[in-house]
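Report on the following structure.
Read the figures in this text as sums done on the coordinates, not as results from a lab. Since the structure is predicted, the reported quantities are computational estimates derived from the model, not experimental observations. As a convention, Cβ positions derive from the backbone with ideal geometry for all residues, glycine included, and neighbour counts pool all protein chains shown.
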Amino acid sequence: MLVEDNWQAALENGFELQSSGTTGEPKRIFQTPAKLLAANRIAIAAQNITAKSRILTVCRMTHAGGLLAQTLPAWSVKAHVDIKPFNAFTFWRDIKGYTHTHLTPMHCKLLMQTKNFNTLDLSGVLVACGSDNVPFEIIEAFVERGAVFMCNWGMTEIGPVTINTVFDELDKVKQYREQALADGTLLGDRYFCEYKIIDDELWVRGDACVYEDWFNTHDLVALNKQGAMYHIGRRQ
C-alpha cells in the first residue's frame, strides 16, 4: 500500500490498483505514471488543493477514491494528510481542522443518521462524494451543514475526479434539483475529459485515462438541457 514515504517512487513507476467492483467484476488495473500525473493535476485544480490544505482520508487506500481523489494529489503538493478509518460516531470530532475529505454516499447516509449530524459544522470543508450514485438529499444535507460539496464521477480507469459539480450554497442545490431529469442521479457538468454518448452509454478519453483511445464505461447516461450529465443505470 502506498504511504507518504513511498508515493514518489510509485508515481514515477506506476502501480496496480484494485477496482471497487461497483461497476462490474473487481479487477486490478495498472495506473501509468502519465495517467497518475494527469489525474493529480485534475484533482488539485477541481478541489483547490494547495500546500496549505489539510486532508482527512477515511476511504480505503487500496481503491481509487481513497488514494487518487485527494490523498496522492495532496502528497504531490506537500499538503498535510491524515489517514484513519471512517467512524460515523466520531466524524464530527475527526473532521475538525481539516479542509478536505472524500466520502462515499454510504458514509454520508451513516453520518446523516447520527444524533450529532444536525449540529455538525462543516464550514470550510470540501466534501467530495463518489463511488456510487449521489442523491440530492445528501447534497442538500451537507451543504446545509456548511460544506462545499462535490458530486463526483470517476472510475479506476479514469480519474477519479473526472465529471463533477461543486455546490457551495443551497440556492445552487435548489436550481440543479429543479433542472434534474426525472430518472437518474447527477454526475456533474464540469468535464475533465472528452466524452461521447453512444446508445446511451458513456464513452470517455483523456490524459487521466489508463487507455489511449475511447473507453466504454458502460454507464447509461443522459444530459439535461443545461448540459449536466445524469446516471440512469448500467449496461453489463
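Data table
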| quantity | calculated |
| --- | --- |
| Whichever lysines have a C-alpha closer than 22 Å to that of Lys115, once near sequence neighbours (fewer than 8 apart) are set aside | Lys84, Lys96 |
| For the chain: relative contact order, % (alpha-carbon pairs under 8 angstrom, 6 or more apart) | 15 percent |
| Per-residue HN-Hα couplings for the stretch 68-74 [Karplus 6.51, -1.76, 1.60; θ = phi - 60°; Hz; x = Gly/Pro] | 8, 5, 9, 5, 4, x, 5 |
| Directionally averaged shadow of the stretch 9-119, computed from the convex hull of its alpha-carbon atoms, nm² | 7.5 nm² |
| Rounded if a/c under 1.5, otherwise prolate or oblate - the stretch 46-102, Cα gyration tensor axes | oblate |
| Gained length - Asp183 relative to Asn116, 0.36 nm times residue gap less alpha-carbon distance | 20.9 nm |
| Antiparallel content of DSSP bridges confined to the chain, in %, to 5 | 65 percent |
| Whichever aspartates and glutamates have a C-alpha closer than 14 Å to that of Lys35, once near sequence neighbours (fewer than 8 apart) are set aside | Glu12, Glu16, Glu157, Asp207, Glu212, Asp213 |
| Estimated dipole of the chain in Debye, rounded to 20 [Cβ of Lys and Arg +1, of Asp and Glu -1, Cα centre] | 580 debye |
| Per DSSP, loop chymotrypsin sites (Phe, Trp or Tyr not before Pro) in the stretch 57-145 with at most 15 further Cβ within 10 Å | Phe89 |
| Gain on full stretching of the segment that runs from Phe136 to Gln8 - 0.36 nm per residue minus C-alpha separation | 42.3 nm |
| Longest to shortest principal axis, alpha-carbon extents of the stretch 111-236, angstrom | 47, 29, 24 |
| Calculated [θ] (222 nm, deg cm²/dmol) that DSSP helices of n ≥ 4 give over the chain, each run adding -39,500 (n - 2.57) | -6500 deg cm²/dmol |
| Loop-located GluC sites (Glu not before Pro) in the stretch 167-208, at most 11 other Cβ atoms within 10 Å (DSSP) | Glu169 |
| Binned Cα-Cα distances of the chain, short to long, each 10 Å bin given as a whole percent | 8, 34, 37, 19, 2 |
| Stretch gain in nm, segment Ile232-Lys174, where the contour uses 0.36 nm per residue and the Cα spacing is subtracted | 18.8 nm |
| Selected from Cys193, Cys209, Cys151 as most flexible by GNM, with the chain as the system and alpha-carbon contacts under 10 Å | Cys193 |
| Under 5 Å, built H, 5+ apart or other chain: amide partners of Leu187 | Met229, Tyr230, His231 |
| q = 0.20 Å⁻¹: log10 I(q)/I(0) that the Debye formula gives for the stretch 71-180, counting C-alpha atoms only | -1.16 |
| The stretch 159-213 - Rg over Rh from alpha carbon coordinates, Kirkwood radius | 1.04 |
| Alpha carbon centroid spacing (whole Å) that separates the stretch 90-138 from the stretch 45-80 | 16 Å |
